[in-house]
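K.L.:
Starting off with a structure, shown below.
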Amino acid sequence: MSEPLRQFVVADLTPMVGAVLASVACALLGNFLVLRRLSLMGDAISHAVLPGLVAAFLVAGSRATGVMFLGAAGAGLLTVIAVEALRRLTRIETGAAMGVVFSVMFALGVLMMKRAEGLENVDLDIDCVLNGQLELLFWAVPSSEPLLSAAGWRGFPPQVLTLLVVCAVCVAAVAVFFKELRLVSFDAGLATSLGYPAGMISAGLMVLVAGAVVASFQAVGSILVIAMLVCPPATARMLTDRLGRQVSISVAIAVVDAVVGYLLATRGPGLLGDEGGAVSAAGMMAVVSGGVLGMAVLGAPVHGVIARHARRWKLAREIAEEDILAMLYRIWEQRGAVGTLGVGDAVEALGGGHAARVAVKRLVRAGKVEWRDGAGADGGGGAGRSRGAVALTDAGGREARSLVRTHRLWETYLVEKVGLRSDHVHCTAMELEHHTTAQMRSELAPEGAAPAIDPQGKAIPPA
Amino acid sequence: MGAWALQIATLAPVRVDWPGWTQVLQTLTFRAGFNSAGVVLAATVLGIAGGTVGTFALLRQRALMSDALAHATLPGIGAAYLIAVALGATGKSLPGLLAGATVTGIIGVLTVHAITRHTRLKEDAAIAAVLSVFFGAGVVLLSYIQRLPTGTQGGLNHFIYGQPAAMSLRDAALIGGAAHGAIAVAAVLLKELRAVCFDDRFAAAIGLRVFAIDLVVMGLVVLVTVIGLQAVGLMLVVSLLVVPPATARFWTDNLTRMTILSGVIGGLSGYIGASASAVLQDLPAGAVIVLTGGTFFVVSMLISPRRGVIHHAVRLATQRAAVARDHFLRGAYEVLEIRGVKPGDEAGGGFTLHEIKPGRTIGLGTRVLAAWLVRRGLLERGSAAGAAKNWALTARGHSEALRLTRNHRLWEEYLVTHAEVAPSHVDRSADRVEHALSATLVRELEEALRQQGRLPMEFATAPASVHPMGGARARAHLDAAGGGSA
């Protein structure tokens, strides 16, 4: 093995593998926490394991991974049970119950830690527990030894091996019990009535979460583990509606977060000219996962903020276009000839707003209306083109006629079939007319059976 | 937990220099030096402010928002330090750091709000994500500051775990002053806050600006969180706001009283915690403040007379005993009724416990229950019928059993006629509700039964049951026991 490669494997690849394993284990389970609105349970557990860690250390007198794991997992379970018991016995809300339990547990942990510091040979560091020391998970092998030898293996960080086991257990558990987890996450009541032990499944999930949180400590620390639990699943939730796909996407994102975060933390300062500098890798992983979540929140194709606003804007504009065409048609109807409509009047009639102005421009561009220097049509609103007036073209006239026909057919339907009073149907019809497909229209007015006059006595234009 | 603490106490023989009583007394009465007096005073006022503001945060269900807010202050502290250093200052001035903390804390809260409002993600996920990501950013900044040549970020760590001992008198004055401000605002707006906490739609209807008041609550939460950073640390500051009101909630349903009580509990926690930390130099004050509050909480949870766990358990046990007694007596009555024994008949009035049990949920050990009923003078041992049937109702027991059976059958009647339950299904339903039949209702139902001719004019017996008496099991048992209908 070449020296640079060996160097990379020893100092970078090993911690990176640890980070990825922690990230994947947490993200897998986090999917179900996010769905069940239990994200903060991960928060509570990760705060509350501190006294468990210290207690295990003090009782066993060693930092053996197994002992610490047991202590912390015990504290995690205690937290879950205490929150549930508080909620049931005293009926205080879940948030407050969690707040009380985890802050008291954490305070106890801090106090115990402080006392433990008085002992000799204690290398239990609170910063390490909270912030994680990913960089310390390197492969401690003397440069004389080959990596893949008995002596080489001895230096392999045991935390990474623990993470490997925990991650494998999480993958196996989610794969085997996927159906049950999905059912319980979406409808615990249904799961119970189908004979699945919903309580047991929830408890099992919490045990797994506690295990994953504890195992991930060494890699990312107790607070940042929350980012790993929540951010990748939340990101995936923005991107898809299917749980299976959500789980796979969240795992992929978890891997990306871990690798990018690690590289940014260790190489980033170097790239910025700070030679040999490095910042907290665990912190950077959390920041990256937050950044990815932020991008998904903004830019997700269907559920993203931008996509949602764009959809809403497009709908508003289309409705404004249709309303303007219908207005022009009604003017034509009154006059018996093509009339003009002041842009300012149109915008005002539609309640103002940018969408209405854009709608006029788009109608002109589509050739449905044309500019006219209509005398007396000036609405007096705004400057520039909004002072002008528009009139229907032939193409626009056809569409406008169809719209008004739909409107009046709906009014007829609402009066005759739904039984509304004729002076109550206009607004409802105004809304329905924008969402009427051709098929619906033909069902509203079957061939040859279309009435000629609407409930208010106005003629229904032909198709 | 208690066992653990004990074990740890024995395993960790840390030498504590226990202070003399005079020193404890001096600290508690603010005479142990100017500085420590200032710190204890500041922590007390901070506790009062946390308890007061926390009441409204809790009732508006914003309890955990303050946790997100607290964690989100870390990057602000780091950034403020870096900016101050870049400007040539020491970077350790408290107002500067707290200003930075406020800015990122508010950004964090707004982010939670925006995510909850504009995406499909729920509030819990938004809080958890903001909390951990902002904290991660803070950790990155602190790890960078640590490597600066000027960088002794030791002071910044105090904001994570809290170190009131490191507070200067000026810091204490700042914190105490701001806390007073928070209390004053809460007191002035008490009426508005109360309206919004109980019924925000009603508040909106009477013309209050709910959004603005929520903003005030959030602003006060921000204030308390930020000034609490140095005293208890960002990990634990949430407990200043959550533990006192949750404790006060056990004792009262009146908001004004709850607010005051919560303030008192918060103040006591701050006072005791900061004093302990001032006396025992090594004790982390933030943790002690929280644990003091936690002790108040646990004690209240156990002994509160309205919502306490002990009270609840006692009430539950009393109720179960009463229900078991009713079911036992009624079981006895029905056994006698099936056998055709008239009240006052000496012969055949005896029964065994086994006859009563079948098909009936009594809920307590029958033997224990029987012994209790004997003591209450409702049941007696030994009867003319011989040793096999060694239990009998006393005269009082019999009239009580009659009353209960009547009540039960009236309920069955009610369920059949008014709730349209099938006669074969009413027995168990009546079992559950019969213990709460009002006297008026009993009279009305009796009237109905009398008109149907099912209630004898004299009240010596119960009305006939709407369903066949005794389950199949019970009858088989009676037959086997040789006690079938006479």
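Just so you know, all these numbers are worked out from the coordinates, no wet-lab data involved. Note that this is a predicted model, so its numbers are computed, not measured. Ideal geometry is used to build each Cβ from the backbone, glycine not excepted, and the neighbour counts take in all protein chains shown.
K.L.:
If you take every residue apart from B:F56 with its C-beta less than 13 Å away from the C-beta of B:F56, what net charge results, scoring Lys and Arg +1 and Asp and Glu -1? Provide the component values of the computation, followed by the final result.
P.N.:
On the way: positive: B:R60, B:R62, B:K191, B:R194, B:R249; negative: B:E192, B:D200, B:D214.
Net charge around B:F56: +2.
K.L.:
Separate question: Can you return the aspartates and glutamates within cross-link range of A:K114? Criterion is Cα-Cα under 16 Å, with same-chain partners fewer than 8 residues away left out.
P.N.:
Output for A:K114: A:D123, A:D125, A:D127, B:D17, B:D282.
K.L.:
I need the phi-derived Karplus couplings for region A:319-330: 6.51 cos²θ - 1.76 cosθ + 1.60, θ = phi - 60°, integer Hz, Gly and Pro marked x.
P.N.:
Karplus-based 3J(HN,Hα) across region A:319-330 equals 5, 4, 4, 5, 5, 5, 4, 5, 4, 5, 5, 5 Hz.
K.L.:
Under 1.5 on a/c is rounded, so check that first for region B:232-318, then, if it is not, pick prolate when a/b is larger than b/c and oblate when it is not; a ≥ b ≥ c are the square roots of the alpha carbon gyration tensor eigenvalues.
P.N.:
Working: a/c = 2.76, a/b = 1.90, b/c = 1.45.
Verdict is prolate for region B:232-318.
K.L.:
Okay, next question. Got a sec? How would A:E180, A:E431 order by Cβ neighbour count within 10 Å, fewest to most?
P.N.:
Details: A:E180 18, A:E431 10.
Ranking A:E180, A:E431 by Cβ neighbours within 10 Å, fewest first, gives A:E431, A:E180.
K.L.:
Mind running the shape call on region B:18-306? Use the C-alpha gyration tensor, a ≥ b ≥ c as the square roots of the eigenvalues: rounded below 1.5 for a/c, prolate if a/b tops b/c, oblate otherwise.
P.N.:
Working: a/c = 1.86, a/b = 1.10, b/c = 1.69.
Since a/c reaches 1.5 but b/c is at least a/b, the shape of region B:18-306 is classed as oblate.
K.L.:
What is the order of A:V259, B:V39, fewest Cβ neighbours within 10 Å to most? List each step's numbers first, then the result.
P.N.:
Details: A:V259 17, B:V39 29.
By the 10 Å Cβ count, ascending, the order reads A:V259, B:V39.
K.L.:
Hey, what do the phi angles of region B:288-304 turn into as Karplus ³J(HN,Hα) couplings, whole Hz, using 6.51/-1.76/1.60 and θ = phi - 60°, x for Gly and Pro?
P.N.:
Listing the rounded values in order: 5, 4, 5, 5, 4, x, x, 5, 3, 4, 5, 4, 4, 4, 6, 9, 4 Hz.
K.L.:
How much net charge surrounds B:T247 when only other residues with a Cβ under 15 Å from its Cβ are counted (Lys, Arg +1; Asp, Glu -1)? Don't jump to the answer; show the numbers that get you there.
P.N.:
Values: positive: A:R91, B:R249, B:R257, B:R306, B:R307; negative: A:E93, B:D253.
Here the charged neighbours net out to +3.
K.L.:
A further question follows. Once the Cα atoms of helix A:243-271 and of chain A are each reduced to a long axis, what angle between those two axes, in degrees from 0 to 90 to the nearest 10, is obtained?
P.N.:
In chain A, helix A:243-271 runs at an angle near 70 degrees to the longest axis.
K.L.:
Would you pull out the residues with amide H under 5 Å of B:V421's amide H, same chain only if 5 or more places away, H placed 1.01 Å from N?
P.N.:
Under 5 Å from the amide H of B:V421: B:V416.
K.L.:
Using a/c under 1.5 as the rounded threshold, could you call region A:3-300 rounded, prolate or oblate? The axes a ≥ b ≥ c are square roots of the C-alpha gyration tensor eigenvalues, and prolate needs a/b larger than b/c, oblate otherwise. Intermediate results must be reported in sequence, preceding the final value.
P.N.:
Numbers: a/c = 1.73, a/b = 1.28, b/c = 1.36.
Oblate shape, in that a/c is at least 1.5 and b/c is the bigger or equal ratio.
K.L.:
Rank these for me by crowding, A:K458, B:K191, A:K114, going from fewest to most other beta carbons within 10 Å. Write out the running numbers ahead of the final one.
P.N.:
Working: A:K458 14, B:K191 10, A:K114 18.
By the 10 Å Cβ count, ascending: B:K191, A:K458, A:K114.
K.L.:
May I pose another question? Non-local amide H neighbours of B:L379 (under 5 Å, H modeled in plane, Pro and chain starts lacking H): which ones?
P.N.:
Amide H neighbours of B:L379: B:V374, B:T394.
K.L.:
Assuming R0 = 35 Å, what is the FRET efficiency of A:L161 and B:S93, from their Cβ-Cβ distance, to the nearest 0.05? Present the calculation step by step, with values, prior to reporting the outcome.
P.N.:
Values: r = 47 Å, r/R0 = 1.34.
Efficiency, rounded to the nearest 0.05: 0.15.
K.L.:
Percent relative contact order of region A:1-72, based on C-alpha pairs within less than 8 angstrom and at least six residues apart? It would help to have the intermediate numbers written out before the result.
P.N.:
Values: 26 pairs, mean separation 14.5, N = 72.
Value for region A:1-72: 20 percent.
K.L.:
Using the Karplus curve 6.51 cos²θ - 1.76 cosθ + 1.60 with θ = phi - 60°, work out ³J(HN,Hα) for each residue of region A:161-166 in order, rounded to whole Hz, and write x for Gly and Pro.
P.N.:
Working through the residues one at a time gives 5, 4, 4, 4, 5, 4 Hz.
K.L.:
A further question on this structure: Relative contact order, percent, of chain A when contacts are C-alpha pairs under 8 Å separated by at least 6 residues? Can you show the working numbers first?
P.N.:
Details: 659 pairs, mean separation 68.4, N = 463.
Taking the mean separation of contacting Cα pairs over the length of chain A, I get 15 percent.
K.L.:
Along Cα→Cβ, 7 Å out, is where each label goes; now give me the distance between the ones at A:M200 and A:C427 in nm to one decimal.
P.N.:
Placing both labels 7 Å along Cα→Cβ, they lie 5.5 nm apart.
K.L.:
Non-local amide H neighbours of B:W391 (under 5 Å, H modeled in plane, Pro and chain starts lacking H): which ones?
P.N.:
HN-HN under 5 Å from B:W391: B:F351, B:G382.
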